[in-house]
1. Checking residue 116 against (1) in a helix (DSSP H, G or I); (2) surrounded by fewer than 21 Cβ atoms within 10 Å (Cβ to Cβ); (3) in contact (Cβ under 8 Å) with a residue 24 or more places away in the chain, which single condition isn't satisfied?
2. Take segment 1-18 and flag every residue that is assigned to a loop (DSSP other than H, G, I, E, B) and within 10 Å of the chain's Cα centre (by Cα).
3. Being part of a helix (DSSP H, G or I) and within 16 Å of ligand 1 (Cβ to nearest atom) is the filter here, so list the residues in segment 264-308 that pass it.
4. Just wondering, is there one or more residues in segment 196-206 that are away from ligand 2 (no atom under 11 Å from the Cβ), at pLDDT 95 or above and outside any loop (DSSP other than H, G, I, E, B)?
5. Report, ordered by the first and then the second residue, all pairs with beta carbons closer than 6 Å, sequence separation of six or more or different chains, a first member in segment 307-319 that is closer than 15 Å to residue 244 by Cα, and a second member that is assigned to a loop (DSSP other than H, G, I, E, B).
6. Only residues that are touching a helix residue (DSSP H, G or I) at 6+ places or on another chain (Cβ under 8 Å), at pLDDT 95 or above and under 22 Å from residue 85 (Cβ atoms): list them for segment 271-308, please.
7. Name every residue in segment 151-199 that is within 10 Å of ligand 1 (Cβ to nearest atom) and surrounded by fewer than 20 Cβ atoms within 10 Å (Cβ to Cβ), in order of residue number.
Ligand code: NAD
Ligand code: UFG
């Protein structure tokens, strides 16, 4: 029996496929390659020494999925596939709802028709909106999101919750990721954004290799210690390991379970710049700019539920995250393109 990983050639997916293989699981990956390349999986194969079964299938393609379930013995699914750019989702809401919601509904329908009712879903801290208090716990309210991408995550959580309620044979783990950064310590797999990065760490690494002249710090007048935005950054390898732990919850018959995956520590934009400079030895020039619309002052989590119930805890600290992000970018200045 294999684990189906949708979106498995992407950033978090590729790291998770490697951890799954290292934990002894058989893995089948599907991806439409809209935001990734199969090269990431070739590198996973190099690192694990095991082949990765890959099918280029879109999660909206019902026939493709049906064929896959006939061909492979699938036991559980880890569902990463989706569009994830906040700004793009504001410009293209239909595309985001159709891909993320439409695709998820098709996937889940084909799964249940094949009697596969175990699923782990990539949710996001974005479902907490602008939280009333930090650290946020899983009991804190899910709030209206400021962009269609965030709304698709909240809606998918609702869909999964309702499906599991109606049919308790489902075991579903909703993992709310905080801010994943870093890369595999080998420097062979990592984050490879298209065009100019939106997120802080890939932007900083591009400044460090000279692809961007300086970092724009979006606002220094937030009610935080140094005025810049505070987030809970988590090493992608720790995050990937969280999925292996979540599979054990599924095997134990967890029903519906929700976990925050973060370190529980908040770092400001300027903290990240300082730690990156220390880890890389490269100076990051920056300018303070206006706030970015839709951004919040701070968000970090209480991750103790994941530790209590799954025995999972983030192990890698901020310097290691910066070091591994830099190691990946330095060795692959153009990502997987060479
Ligand atoms: P990614 O873009 O690298 O990976 C997503 C993968 O899904 C890509 O390989 C893409 O080609 C694929 N995909 C998109 N639509 C598809 C479709 N219709 N059919 C098949 N494949 C499709 O992004 P990531 O950072 O690895 O994120 C993985 C998941 O985690 C996403 O659901 C994302 O929303 C979620 N998430 C990411 C973050 C983050 O900051 N990176 C934070 C919280 C949640
Ligand atoms: N920032 C800058 N300059 C940049 C980019 C970011 O100052 O060039 C700041 C932001 O204002 C924010 C912090 O760095 O204070 C982090 O920004 P990111 O864009 O890296 O991350 P966000 O917290 O805004 O959001 C990201 C994803 C969301 C996801 C969330 C939690 O874009 O989709 O992490 O996982 F929901």
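1. Failed condition: (1).
2. The answer is 10, and nothing else.
3. Hits for segment 264-308 are 269, 272, 306.
4. Among the residues of segment 196-206, at least one is away from ligand 2 (no atom under 11 Å from the Cβ), at pLDDT 95 or above and outside any loop (DSSP other than H, G, I, E, B), which makes the answer yes.
5. 307/313; 314/263
6. 272, 299
7. Going residue by residue through segment 151-199, those that are within 10 Å of ligand 1 (Cβ to nearest atom) are 152-153, 156, 175-181, 191-194, 198-199.
If the condition is that a residue be within 10 Å of ligand 1 (Cβ to nearest atom) and surrounded by fewer than 20 Cβ atoms within 10 Å (Cβ to Cβ), then 193, 194, 198, 199 are the ones that fit.
Here's the yes/no breakdown for (1) on the phi > 0 side of the Ramachandran plot; (2) over 18 Å from the mean Cα position of the chain (by Cα); (3) surrounded by fewer than 23 Cβ atoms within 10 Å (Cβ to Cβ):
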| site | (1), (2), (3) |
| --- | --- |
| 242 | no, no, no |
| 263 | no, no, no |
| 271 | no, yes, yes |
| 288 | no, yes, yes |
| 313 | no, no, yes |
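The values are calculated or read from the model by the stated rules, or taken from the named source; none is laboratory data. For clarity, every value in this text was computed on a predicted model and none was experimentally measured. We place every Cβ from the backbone using ideal geometry, glycine too, and count neighbours over all the protein chains shown.
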